[in-house]
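Engineer: What follows is a single structure, and I will ask about it in a moment.
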Amino acid sequence: MPKWLNDAVFYEIYPQSYYDTNGDGIGDLQGIIEKLPYVKSLGCNALWLNPVYDSPFMDAGYDVRNHKQIAPRYGTNEDMKRLLDTAHEMGIKVLLDLVPGHTSDTNPWFLEAKKAEKNEFSNRYIFTDNVWEAPSEYRLMCGICQRDGNYLINYFSSQPALNYGFHEVTHPKWQLPTDHPDCIATAEALKDIMRFWIDMGADGFRVDMADSLCKNDDEKISTAKIWQGVRKMLDEEYPEAAIVAEWCHPERAIKNAGFHMDFYLDHYGNGYSKLFRYLDKDGKNQAFFHKSGCGDITAFLDEYLPNYELTKDLGYISFMTNNHDMPRATYYMDKDTIKLSHGMIFTMPGVPFLYYGDELGMRYQSELVSVEGGYSRTGSRSPMQWDSSKNLGFSTADADKLYMPVDSHEDAPTVENQKDDPDSIFKVVTDIIRLRHEIPELGNGSGFEVVYAEKGKYPFVYRRGGYVVFVNPSDEKVSIPFAEGVEEKVYIIGEVSFRCKKATMSPSSFAIIKTK
Ligand code: NOJ
């Protein structure tokens, strides 16, 4: 286990939208290099960059054409090396994005695979054995290549699935078992890509759709085996490199597959949604973090606690403020509530991730038309808002040349107008991240224990070692029995008092206390 993860706080950068230094309207690696001091000032000591590889960008770069080349619009491989070196000099680790489940349909492997004549890459993707064979249980592209067969896609139509084999072979004429040499070759090709970037200085990878490798693998048994092989390679060759799964199933990702971390994402009906993302007007399915006070913290804990217990000695669950696939928090919560939700995210065990712009409370721009396969996700990918200059400081290009429009609202938050505002989300985020580094018990230096969590009631109270965290997102004053002595009020939002063996919290309040 890489030791640095213990105190890591990540910042996710969507490179297209971060900072444009050459005036072409799109973010670049040089822009990220120039903003590293800003990342550091947030208290983040690690970065995750969305894909920066050569790509036709049908899915914002998750359709890789050349795995070993930086997309010219972002810069060169030399720029990436400079970014890694500069980040390391500043004590910042960098994870790149690894897309193991599919490539672009313009990737040279695929161009070979779709040829009629057999070649080294014929089994790199999954083709049926003739074009009339198209079983409806698979997502297939039919009748579009010279080769007599249809191929499986993993996500969009332009993303053919790589072939790691079938856990259960149901169509033996064209499905290969996972131990077929050509499927093993796919896994080896993946390791080769990982070695390339780690050798350049990358500190590991965020792994896209990590559970999607083997097909007919409902329990993810064969998929986990491949990741165990990857973990073995890392342990032996690069013990300081880390991998975080986009899986949202910590038991499978961390315990079975050997990932160091697993994201806690907004999958329908899960604990993350019930905490931060449900928005039912009738209050039946309201998130806990909402002023209505109709949420249910136990709906989150019933899912989170078993996962935490199963994985706490093996790896880290990664809470995130948002990512490039979910509507931003501002779509669901007001500013007061976002502050409290960030208060919780950065005082939980695990390795937290801050999505660029969430430190400002950037708006979810729901009105934007889709860019590069973003669709409803586009509104969370708009340019970073730096200051009041042209394009909010993102780029000097004319507005019609921008990758995406910047927030045009008069009151658009920027780094410039938020960083010294005592009432800002920025202040809460940077304060709590600082405390997390200063007091290891608020991070991974202690366990997690529920102190008060009642079905349908507020607040939520949990212990982190010698500290107790109180959260009341509702717009009602609440009071609960709390007999412990308070040595110090470490951080307070709103009003929180401790008298007569009770803790009383004003509407929308938060506290971290040190107990006696
Ligand atoms: C998950 C990524 O986060 C998303 O942005 C992408 O479109 C899909 N995987 C496909 O790679």
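The values are calculated or read from the model by the stated rules, or taken from the named source; none is laboratory data. Keep in mind it's a predicted model, so treat the numbers as computed, not measured. Because the Cβ atoms are built from the backbone with ideal geometry, glycine has one as well, and the counts that use them run over all protein chains shown. Heavy atoms of the whole protein, side chains included, go into the accessibility calculation; ligands, DNA and RNA do not. Shrake-Rupley method; radii C 1.70, N 1.55, O 1.52, S 1.80 Å.
Engineer: I'd like to know if region 308-320 contains one or more residues that are more than 16 Å from the ligand (Cβ to nearest atom), without any contact (Cβ under 8 Å) to a residue 24 or more places away in the chain and buried (at least 18 other Cβ atoms within 10 Å of the Cβ). Quick ask: steps written out before the conclusion?
Structural biologist: Step one: list which residues in region 308-320 are more than 16 Å from the ligand (Cβ to nearest atom), which gives 308-317, 319.
Filter again for without any contact (Cβ under 8 Å) to a residue 24 or more places away in the chain, leaving 309, 313.
Within this subset, residues satisfying the condition of being buried (at least 18 other Cβ atoms within 10 Å of the Cβ) are none.
Checked region 308-320: no residue is more than 16 Å from the ligand (Cβ to nearest atom), without any contact (Cβ under 8 Å) to a residue 24 or more places away in the chain and buried (at least 18 other Cβ atoms within 10 Å of the Cβ).
Engineer: Do we have SER41 as open to solvent by 10 Å² or more (accessible area, probe 1.4 Å), touching a Ser or Thr at 6+ places or on another chain (Cβ under 8 Å) and modelled with pLDDT of 95 or more here?
Structural biologist: On the way: open to solvent by 10 Å² or more (accessible area, probe 1.4 Å): yes; touching a Ser or Thr at 6+ places or on another chain (Cβ under 8 Å): yes; modelled with pLDDT of 95 or more: yes.
So SER41 passes the test.
Engineer: Report yes if VAL131 is aliphatic (A, V, I, L, M), more than 16 Å from the ligand (Cβ to nearest atom), under 22 Å from THR223 (Cα atoms) and in contact (Cβ under 8 Å) with a residue 12 or more places away in the chain, otherwise no. Write out each step before concluding.
Structural biologist: Working: aliphatic (A, V, I, L, M): yes; more than 16 Å from the ligand (Cβ to nearest atom): yes; under 22 Å from THR223 (Cα atoms): no; in contact (Cβ under 8 Å) with a residue 12 or more places away in the chain: yes.
Criteria not met by VAL131.
Engineer: Could you check region 1-17 and list, in sequence order, the residues that are in a helix (DSSP H, G or I), under 19 Å from ILE254 (Cβ atoms) and open to solvent by less than 10 Å² (accessible area, probe 1.4 Å)?
Structural biologist: Going through region 1-17, the residues in a helix (DSSP H, G or I) turn out to be 3-7, 15-17.
Filter once more, so that each one left must be under 19 Å from ILE254 (Cβ atoms): 3-7.
Answer for region 1-17, where residues must be in a helix (DSSP H, G or I), under 19 Å from ILE254 (Cβ atoms) and open to solvent by less than 10 Å² (accessible area, probe 1.4 Å): just LEU5.
Engineer: Then there's this: If LYS81 passes every condition in (1) farther than 19 Å from ILE243 by Cβ; (2) in contact (Cβ under 8 Å) with a residue 60 or more places away in the chain; (3) within 16 Å of the ligand (Cβ to nearest atom) but one, which one does it miss?
Structural biologist: Of (1) farther than 19 Å from ILE243 by Cβ; (2) in contact (Cβ under 8 Å) with a residue 60 or more places away in the chain; (3) within 16 Å of the ligand (Cβ to nearest atom), only one is false for LYS81: (3).
Engineer: Here is a further query. For region 443-485, how many residues are polar (S, T, N, Q) and open to solvent by 50 Å² or more (accessible area, probe 1.4 Å)? I'd like the intermediate steps shown before the answer.
Structural biologist: In the first step, residues of region 443-485 are kept if they are polar (S, T, N, Q); the result is 444, 446, 472, 474, 479.
Those still in the list that are open to solvent by 50 Å² or more (accessible area, probe 1.4 Å) too: 479.
Selection size over region 443-485: 1.
Engineer: If only one of THR178, THR186, THR223 is surrounded by 15 or more Cβ atoms within 10 Å (Cβ to Cβ), at pLDDT 95 or above, under 27 Å from TYR316 (Cα atoms) and among the β-branched types (Val, Ile, Thr), which one is it?
Structural biologist: THR223
Engineer: Any idea which of ASP325, ASP334, ASP302 is more than 19 Å from VAL469 (Cβ to Cβ), within 16 Å of the ligand (Cβ to nearest atom) and open to solvent by 30 Å² or more (accessible area, probe 1.4 Å)? Spell out the reasoning first.
Structural biologist: Working: ASP334 fails: within 16 Å of the ligand (Cβ to nearest atom); ASP302 fails: within 16 Å of the ligand (Cβ to nearest atom).
So the residue among ASP325, ASP334, ASP302 that is more than 19 Å from VAL469 (Cβ to Cβ), within 16 Å of the ligand (Cβ to nearest atom) and open to solvent by 30 Å² or more (accessible area, probe 1.4 Å) is ASP325.
Engineer: So which residues in region 112-126 are more than 16 Å from the ligand (Cβ to nearest atom), open to solvent by less than 10 Å² (accessible area, probe 1.4 Å) and of a type outside the set (A, V, I, L, M, F, W, C)?
Structural biologist: First pass over region 112-126, keeping only residues more than 16 Å from the ligand (Cβ to nearest atom): 112-124, 126.
Imposing the further condition that a residue be open to solvent by less than 10 Å² (accessible area, probe 1.4 Å) reduces the set to 113, 122, 126.
Passing the criteria: only SER122.
Engineer: Just one of the numbered conditions (1) open to solvent by 10 Å² or more (accessible area, probe 1.4 Å); (2) of a type outside the set (Asp, Glu); (3) not in a helix (DSSP H, G or I) is not true of TRP109; which one?
Structural biologist: Unmet for TRP109, out of (1) open to solvent by 10 Å² or more (accessible area, probe 1.4 Å); (2) of a type outside the set (Asp, Glu); (3) not in a helix (DSSP H, G or I): (3).
Engineer: Let me ask something additional. If I filter region 147-196 down to residues being more than 16 Å from the ligand (Cβ to nearest atom) and of a type in the set (S, T, N, Q), which single residue comes out as farthest from LEU111 (Cα to Cα)?
Structural biologist: In the first step, residues of region 147-196 are kept if they are more than 16 Å from the ligand (Cβ to nearest atom); the result is 147-151, 163, 165-189, 191-192, 194-196.
Right, trim to of a type in the set (S, T, N, Q) and you get 150, 163, 170, 175, 178, 186.
Working: ASN150: 14, ASN163: 15, THR170: 27, GLN175: 20, THR178: 23, THR186: 16 Å.
In this case the residue turns out to be THR170.
Engineer: Give me a count of the residues in region 486-506 that are part of a loop (DSSP other than H, G, I, E, B) and open to solvent by 60 Å² or more (accessible area, probe 1.4 Å).
Structural biologist: 3
Engineer: Here are some conditions: (1) assigned to a helix (DSSP H, G or I); (2) within 16 Å of the ligand (Cβ to nearest atom). TYR364 meets all but one. Which one does it not meet?
Structural biologist: The number of the failed condition is (1).
Engineer: Of all residues in region 51-78 being small (Gly, Ala, Ser) and within 24 Å of PHE121 (Cβ to Cβ), which is farthest from the ligand (Cβ to nearest atom)? Walk me through it before giving the result.
Structural biologist: If we filter region 51-78 for residues that are small (Gly, Ala, Ser), which is where we start, we get 55, 60-61, 71, 75.
Subset that is within 24 Å of PHE121 (Cβ to Cβ): 55, 61, 71.
Numbers: SER55: 11, GLY61: 9, ALA71: 16 Å.
Among residues in region 51-78 that are small (Gly, Ala, Ser) and within 24 Å of PHE121 (Cβ to Cβ), the one farthest from the ligand (Cβ to nearest atom) is ALA71.
Engineer: Just wondering, is there one or more residues in region 95-103 that are under 21 Å from SER395 (Cβ atoms), in a loop (DSSP other than H, G, I, E, B), within 13 Å of the ligand (Cβ to nearest atom) and touching a residue at least 60 places away in the same chain (Cβ under 8 Å)? Outline the logic, then answer.
Structural biologist: So the first thing to find is which residues in region 95-103 are under 21 Å from SER395 (Cβ atoms), and the list is none.
Looking through region 95-103, none of the residues is under 21 Å from SER395 (Cβ atoms), in a loop (DSSP other than H, G, I, E, B), within 13 Å of the ligand (Cβ to nearest atom) and touching a residue at least 60 places away in the same chain (Cβ under 8 Å).
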